[in-house]
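Peer 1: Here it is, the structure in full.
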Amino acid sequence: MEFTQLRLGYHLVAFLDVLGQRERFEQLQLPKTAQQEAEVAEVLRQTAGFVLKLRKTFSDQFATFESGLSVLKKHAPEPVCPAFVGFSDSFVTSVPLHFEGSPLTATATVYSALSAAAVVMITALASKHPLRGGIDVGLATEISPGEIYGTALERAYVLESKEAGYPRIVIGDELWNYLHAARASFSVQTEPESKVATAIIERMLLLISIDGDGKRILDYLGPVLSELQNSKDEFADGMIKPLYDFVIAEHQRVKDIGDEKLVARYYLFRNYVESRLHLWGVKVNPSAPD
């Protein structure tokens, strides 16, 4: 048996999960007619096909982020790409924070992971697929390329499964503490790369906001993502408006179910989205049911 050298260190881990996929897949049966084949094909497109689409979205976003780092590459030429593993309808992105190269590279890679999670969240909701997630920092080891094992993954998973409660990505306390500690450390250094790292951390802090229940969440519709979209009108029509329509429909769906706890959670969900629409030039629908 080949011995694997394991190393324990701090990692950022993002755990994201597409909701409702398993239930749809479990209803499938082998088709016996042409109509059933067409129905099965559509369900597969909406489940397995959609998961593949989100995996590609992660990959594309990592590549896009890397291609826009001309200034950073002058100070830190190492590749800036988080590790990524997809299994079933869940996705795990991780970044080692004990990176042996430039600290600036680790900082930029964390930013890549956060911004990719934000873009994936928008993509999922605009495609009428609810997504929930958690992002935190903790100790872990990499047991195979891209595969994380340890408390960092556990913390992110608990945030997704126990704390999120509805479609959003919850930010853990350790990630919040890490960002503030890193900003304080870089801000007192005089090297040019330290100034770049401080600026990146400031952008990451703007990617985090406080939700209506006091939890820190990834601000996927906030000013950071809005400013990154050059063709904002096209993006608003193709992504933000469909996302908003889906949120209204989901809010109505849980009201029809009659689960008061779920209704309250989805009210927060809708309130967050509506509070960010102006950043994308989209108006709140006054005729939508409360």
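Just so you know, all these numbers are worked out from the coordinates, no wet-lab data involved. None of these values were measured; they are calculated from a predicted model. When we count neighbours, we look across all protein chains shown, and the Cβ atoms used for this are built from the backbone with ideal geometry, even at glycine.
Peer 1: Checking the table Lys56/Lys128; Lys241/Lys283; Lys53/Lys215; Lys128/Lys241; Lys162/Lys215 against a 20 Å threshold on Cα-Cα, which pairs fail?
Peer 2: Flagged as over cut-off: Lys53/Lys215.
Peer 1: Using unit Cβ charges (K, R positive; D, E negative) and no other charged atoms, how large, in debye to the nearest 20, is the dipole of region 76-203 about its Cα centre? Could you put the intermediate results ahead of the total?
Peer 2: Values: 8 positive and 14 negative charges, 100 e Å.
The calculation lands at about 480 debye.
Peer 1: Okay, next question. Binning at 10 angstrom from zero up to the longest distance, how are the C-alpha pair distances of region 224-290 distributed in percent?
Peer 2: P(r) over region 224-290, rounded to whole percents: 21, 48, 24, 8, 0.
Peer 1: OK, next. With +1 assigned to the C-beta of every Lys and Arg and -1 to the C-beta of every Asp and Glu, and no other charges, what is the dipole magnitude of the chain about the Cα centre in debye, to the nearest 20? Could you put the intermediate results ahead of the total?
Peer 2: Details: 29 positive and 37 negative charges, 68 e Å.
Using Cβ point charges on Lys, Arg, Asp and Glu, the chain gives about 320 debye.
Peer 1: Check each of the trypsin sites (Lys or Arg not before Pro) in region 94-178 and keep only those in coil by DSSP with at most 12 other C-beta atoms within 10 angstrom; list them in order. Provide the component values of the computation, followed by the final result.
Peer 2: Working: sites: Lys128, Arg132, Arg155, Lys162, Arg168; in loops: Lys128, Arg168.
Answer in residue order: no site qualifies.
Peer 1: Looking at the P(r) of region 90-208, how many percent of alpha-carbon pairs lie beyond 16 Å?
Peer 2: Details: 4418 of 7021 pairs.
Value for region 90-208 (Cα pairs over 16 Å): 63 percent.
Peer 1: Order these peptides, 180-187, 265-272, by their mean beta-carbon neighbour count within 10 angstrom, highest first. Spell out each step's value before the answer.
Peer 2: Details: 180-187: 15.0, 265-272: 19.0.
The densest-packed peptide leads the list: 265-272, 180-187.
Peer 1: With label points built 7 Å along Cα→Cβ from the Cα atoms of Glu26 and Glu202, find their separation and express it in nm.
Peer 2: 5.0
Peer 1: Further question: Along the charge dipole of the chain, which of Trp176, Pro82, Gln252 sits closest to the positive end, that is, farthest toward it, with unit charges on the beta carbon of Lys, Arg, Asp and Glu (+1, +1, -1, -1)?
Peer 2: Gln252
Peer 1: At a temperature of 25 °C and a viscosity of 0.890 mPa s, determine how fast the chain diffuses translationally according to Stokes-Einstein, using the Kirkwood radius over alpha-carbon pairs as Rh; express D in µm²/s, rounded to the nearest whole number.
Peer 2: Details: Rh = 20.2 Å.
For these conditions, the coefficient is 122 µm²/s.
Peer 1: How much length, in nm to one decimal, is gained on full extension between Arg253 and Thr33, taken as 0.36 nm per residue of separation minus their Cα-Cα distance? Intermediate values should be presented prior to the final figure.
Peer 2: Details: separation 220, 0.36 × 220 = 79.20 nm, distance 3.19 nm.
So the chain would gain 76.0 nm between Arg253 and Thr33.
Peer 1: Let me ask something else about it. Using Cα pairs closer than 8 Å and at least 6 residues apart in sequence, work out the relative contact order for the chain, in percent.
Peer 2: Working: 438 pairs, mean separation 57.7, N = 290.
The normalised contact order for the chain reaches 20 percent.
Peer 1: Using DSSP loop states and a limit of at most 11 other Cβ atoms within 10 Å to flag GluC sites (Glu not before Pro), what is the longest stretch of the chain containing no flagged site?
Peer 2: Numbers: sites that count: Glu2, Glu100.
In short, 101-290.
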